[in-house]
Amino acid sequence: MSTSQSWRSATAIRTGLVAALAATVAVGTYSYVDGAADPSGDNGTGASGSATTSVVEITPFTTADSGDCLTWDIDESGVVSNFEQTPCSSEHRFEISAREDLATYPSSEFGLEAAAPDLTRQAQLREELCSTATIHYLDGRYDPVGRYSIAPILPPAEAWAAGDRTMLCGIQATDGLGNPVLTIGPAAEQDQARVSQPGECVFFDNARAPHILDCAEDHHLETTAVVNLRETFPDRVPSTEEQDGHLAEVCTAAAIDYLGEEEILYQSTLQPYWATIPSSSWNGGSHSVNCSLMSAHPEGGFSLLKGSATGEFTINGNPPEPQPERDPLTSEGEAEGTAVPGEAGSLQNSAEAPIPQL
């Protein structure tokens, strides 16, 4: 399992907490309903009496099913509210792929007196009940290291205590902390690539998980463009060499456009950088990559940047070193007799790059 997949597994079950945190759920109600007395008045002995038969009827916390979408609000402190069903064509945080009733699970594990499963058990249930169902729901088009992750949603605490054992399996896009973010449209119709937007910066933590943040904070990459490779390769999976050949030109041009002119790129000492898409991710639905700016660390990997390359910034705590004057640029955009600092390169081809995605 790759580092990015391990990070995904650790965060994908965070949605399991959502319904538990949503004390007032807008998509359903739950209660015990007592059965009516036997109209015959027979108490089971053949004689008339006052005894009644009590029937427990459980109303699920939601009627949402496969193909439906859910959304909710999250405040700055992480409190969830306004949990509700919404059309997938509008903003939502979760798309349901399957509806499971844990009461039918072949054991007494989820009986009426059972406690709700903890995060570890939720992760197991995701693999046992949600993964295959969700991939089937997406017709096999799923990139496990892309922007979407598979997750379960359990009933809120009150509904679980009342006997509701509904579990919703589904798919969600998450931020760097694993929190579900708003998306629009069915997942099967989306590019599943995990990308940042121009002007955003990316920092890789010790677990090599990417975090999108403001460029005023310490970071490793500054995004200059999003490139949809399917527009260039509409009918086949491009090889790494084909992607590199195309992106070397595109990402260098993107860096110059982003900074304003080639001379600024030269003086910045930064290099254009990009990711390439492996065939497994391409077939799973990921077709876009980022062009970025980076600085190679002398000992390998990325240097630490702070501040945007469009203004004042530092590389490992120091401003970029002044560069020597160059001869006039040739028609190919290179100075005669003077090398441009650094070389453009692909994240996929860098053995020292922290992570090959984003």
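Couple of notes before you dig in:
- Cβ-to-Cβ counts within 10 Å put Phe203, Phe61 in ascending order as Phe203, Phe61, the fewest first.
- Along principal axes, Cα extents of the range 56-152, largest first, whole Å: 37, 32, 26
- Residue exposure proxy: Cys201, Cys88, ordered by other Cβ atoms within 10 angstrom of their Cβ from fewest to most, comes out as Cys88, Cys201.
- Label sites at Val237 and Thr120, each approximated as a point 7 angstrom past Cα along Cα to Cβ, lie 3.7 nm apart.
- 10 °C / 1.306 mPa s Stokes-Einstein diffusion coefficient of the range 201-349, Kirkwood radius on C-alpha pairs, µm²/s: 98
- Positive minus negative residues near Asp214 (Lys, Arg vs Asp, Glu; Cβ under 12 Å): -3
- For the range 181-237, applying the loop criterion from DSSP together with a ceiling of 13 other beta carbons within 10 Å to the GluC sites (Glu not before Pro) yields Glu217.
- Computed on the range 201-349, with alpha-carbon pairs under 8 angstrom and 6+ residues apart, the relative contact order is 27 percent.
- Taking Glu100, Glu127, Glu95, Glu242 and counting other C-beta atoms within 10 Å, the order from fewest to most: Glu127, Glu242, Glu100, Glu95
Just so you know, all these numbers are worked out from the coordinates, no wet-lab data involved. Values in this document were obtained by computation on a predicted structure and should not be read as measured data. Reconstructed Cβ throughout: ideal geometry from the backbone, glycine too, with neighbour counts over all protein chains shown.
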